[in-house]
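Chemist: Before we start, here is the structure in question, set down as structure tokens.
The values are calculated or read from the model by the stated rules, or taken from the named source; none is laboratory data. Because the structure is predicted, anything quoted here is derived from the model rather than measured. Neighbour counts run over all protein chains shown; Cβ positions are idealised from the backbone, glycine included.
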Amino acid sequence: MIPIADDNSDRTLTPVVNYLLVAANIAVFVLLQGMGTNDRFTYAFSTVPMEIVTGKDVVTPAHRVVDPVSGRSFVQPGLQPTPVSVYLTLLVSMFMHGGLAHLAGNMLYLGIFGDNIENSLGHGRYLAFYLVCGVLASLAHVFTTVATQGNTLVPSLGASGAISGVLGGYMLLFPGRRVRVLMGMGTAEMPAWVSIGMWFVFQVVAGVGLLGGGSQAGGVAYAAHVGGFIVGLILVKRFAAGGRTRTGGRRR
């Protein structure tokens with residue numbers, strides 16, 4: 001079930017910030033990550049739990065790993081020197097992606113749901129909300145990795161944590177809004193609380209299945225998704241306070 005559109009009939013703001021966020025994600029992947037070929041940049045600026053916990057940059061040699069899903073082995077580049085504070089990777093890694101499919105999936109969700117949150121919060125508050133959700137989602141992944149004794153040297157990257165925060169805020173502000181989703185060979189419309197709620201349930205189930213084995217498997221950091229979503233639920237109305245909150249009807 002993949003969302004493809006939602007109801008934007010009451011949108012009054014041009015979602016400039018959302019457009020810029022999408023453009024920034026694409027630019028970083030194309031120009032700085034070299035469409036996924038620049039391993040030096042990617043492995044220097046991804047978030048590494050060990051670095052966040054210790055505050056120290058970690059450099060490792062390339063090594064062979066086995067994909068837990070496919071069973072195939074491949075050589076993974078080692079962690080590269082980070083030329084800035086390792087804590088800045090919590091921010092930079094939000095704009096990096098592991099491949100075209102990863103980027104496309106994240107930008108689809110951001111494009112559909114982010115504009116409505118920007119319309120409610122206003123440009124500046126939406127940008128702050130997005131960045132805070134992303135950083136706290138990454139910290140949730142770091143905490144879960146350490147707490148479950150996972151591999152703290154596995155780097156993470158992507159906008160998923162921040163976008164999960166957007167989804168949490170969307171479900172709270174617009175639970176009944178119609179979302180069109182792709183199902184099998186056709187499409188259907190359902191309220192946001194159903195489409196986003198089903199997504200969240202999957203993240204929780206998948207994440208719980210990893211307890212005792214780390215917070216990431218098959219390249220997916222589920223703890224960041226769950227953490228970002230919860231942060232979005234908690235913070236969206238705080239960011240909306242005094243802003244352009246619009247949940248349907250008159251502005252407040």
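Chemist: Could you tell me which numbered condition Ser73 fails, if it satisfies all but one of (1) of a type in the set (S, T, N, Q); (2) under 30 Å from Asn18 (Cα atoms); (3) in contact with a Lys or Arg (Cβ under 7 Å, 6 or more places away or on another chain)?
Modeler: (2)
Chemist: Kindly check whether there is at least one residue in region 63-71 that is of a type in the set (Asp, Glu), over 12 Å from the mean Cα position of the chain (by Cα) and not in a helix (DSSP H, G or I). Reasoning before the result, please.
Modeler: Just the residues of region 63-71 that are of a type in the set (Asp, Glu), to begin with: 67.
Pick out the ones that are also over 12 Å from the mean Cα position of the chain (by Cα) and you get 67.
Within this subset, residues satisfying the condition of being not in a helix (DSSP H, G or I) are 67.
Checked against the condition, which is being of a type in the set (Asp, Glu), over 12 Å from the mean Cα position of the chain (by Cα) and not in a helix (DSSP H, G or I), region 63-71 yields at least one hit.
Chemist: Of all residues in region 1-34, which are at pLDDT below 95 and of a type in the set (A, V, I, L, M, F, W, C)?
Modeler: Listed by number, the residues that qualify are Met1, Ile2, Ile4, Ala5, Leu13.
Chemist: Quick check on Thr42: is it within 24 Å of Phe95 (Cα to Cα) and assigned to a helix (DSSP H, G or I)? Quick ask: steps written out before the conclusion?
Modeler: Numbers: within 24 Å of Phe95 (Cα to Cα): yes; assigned to a helix (DSSP H, G or I): yes.
Criteria met by Thr42.
Chemist: Sticking with this structure for a sec: Mind checking which residues of region 41-75 are of a type outside the set (A, V, I, L, M) and modelled with pLDDT of 95 or more? Please lay out each step first, then the result.
Modeler: Step one: list which residues in region 41-75 are of a type outside the set (A, V, I, L, M), which gives 41-43, 45-47, 49, 51, 54-57, 60-61, 63-64, 67-68, 70-74.
Those that are of a type outside the set (A, V, I, L, M) and modelled with pLDDT of 95 or more: Phe41, Thr42, Tyr43, Phe45, Ser46, Thr47, Pro49, Glu51, Thr54, Gly55, Lys56, Asp57.
Chemist: Then there is this: Return the total of residues in region 125-157 being among the β-branched types (Val, Ile, Thr), in contact with a Gly (Cβ under 7 Å, 6 or more places away or on another chain) and outside any helix (DSSP H, G or I).
Modeler: Here is the first cut: in region 125-157, the residues among the β-branched types (Val, Ile, Thr) are 132, 135, 142, 144-146, 148, 152, 154.
Pick out the ones that are also in contact with a Gly (Cβ under 7 Å, 6 or more places away or on another chain) and you get 145, 148.
Subset that is outside any helix (DSSP H, G or I): 148.
Selection size over region 125-157: 1.
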